[in-house]
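The values are calculated or read from the model by the stated rules, or taken from the named source; none is laboratory data. It should be emphasised that the depicted structure is a prediction, and the values quoted were computed from it without experimental measurement. Quick reminder, even Gly has a Cβ in these numbers, built from the backbone with ideal geometry, and neighbours come from all protein chains shown. These accessible areas exclude ligands, DNA and RNA; they are computed on the full protein's heavy atoms, side chains included. Shrake-Rupley method; radii C 1.70, N 1.55, O 1.52, S 1.80 Å.
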Amino acid sequence: MSKYYTMKIAGLERNLQLFKINDNLQIAAFILFGDVEITKASASELLKLAPEHDIMITAECKSIPLIYEMARQQGADNYIIARKGPKLYMENVVTTETNSITTAKTQTLCIGQKEIDAMKGKRVLIVDDVISTGESLLAIEELVNLAGGTIVGKMAVLAEGDAAKRDDIIFLEPLPLFDAEGNALK
């Protein structure tokens, strides 16, 4: 039984640990936290593929280092994080809900007036580390639309499972799902 899946991402080899989702399904965990090399390389490769945009947005999750690095590399002054809950300093909060494959419960994502103002009438690029079911992506799309932004692209480092078959996202590499024994599913 395999416990890791080895793959190349942005030219770098990584061993991704497998984790059980249910009795028949495992996923390979791609975690950017603490891996500066893969974060920098992935940001660089994604920017080569990115459509023209005015601002980027991601969910408050493992993609925060990625969006920061993308903004830094392109010389942007700002990026947006859809927060997991309203903060005291946020005004006129707009929320949406999502269910992610890696989170046990329904998540709330929200933005405030500052983020709304930053996206209104702007070309917005949605960034994530991994797109799997697309639920988190839909929640962010809803927030961008509510803010009056125009989505010009949706991108991730990896597209997991059936997400790799989508033609509306940009990604660097496909990431398979795995059976109970650790074999990649086709």
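What the table below lists for this structure:
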| read-out | value |
| --- | --- |
| Verdict on ASN92 being on the phi > 0 side of the Ramachandran plot and assigned to a loop (DSSP other than H, G, I, E, B) | yes |
| Residue selected from region 143-186 under the condition of a type in the set (A, V, I, L, M, F, W, C), more than 18 Å from LEU16 (Cα to Cα) and open to solvent by 30 Å² or more (accessible area, probe 1.4 Å), by the criterion nearest to the chain's Cα centre (by Cα) | ILE170 |
| Those residues of region 28-47 which are at pLDDT 95 or above and among the β-branched types (Val, Ile, Thr), in sequence order | VAL36, ILE38, THR39 |
| Among residues of region 154-172, those that are closer than 14 Å to ALA28 by Cα and touching a residue at least 60 places away in the same chain (Cβ under 8 Å), counted | 3 |
| In region 85-96, the residues that are touching a helix residue (DSSP H, G or I) at 6+ places or on another chain (Cβ under 7 Å) and either charged (D, E, K, R) or open to solvent by less than 80 Å² (accessible area, probe 1.4 Å) (or both) | GLU91, VAL94, THR96 |
| Extreme residue, nearest to the chain's Cα centre (by Cα), among residues of region 51-62 that are crowded, with 20+ Cβ neighbours inside 10 Å and at pLDDT 95 or above | THR58 |
| Filter result (of a type in the set (Asp, Glu) and either surrounded by 13 or more Cβ atoms within 10 Å (Cβ to Cβ) or under 27 Å from SER44 (Cβ atoms) (or both)) within region 5-23 | GLU13 |
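Here is a yes/no grid of residues against (1) without any contact (Cβ under 8 Å) to a residue 40 or more places away in the chain; (2) more than 30 Å from LYS186 (Cα to Cα):
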{"site": "THR6", "(1), (2)": "yes, no"}
{"site": "PHE30", "(1), (2)": "no, no"}
{"site": "LEU46", "(1), (2)": "no, no"}
{"site": "ASN78", "(1), (2)": "no, yes"}
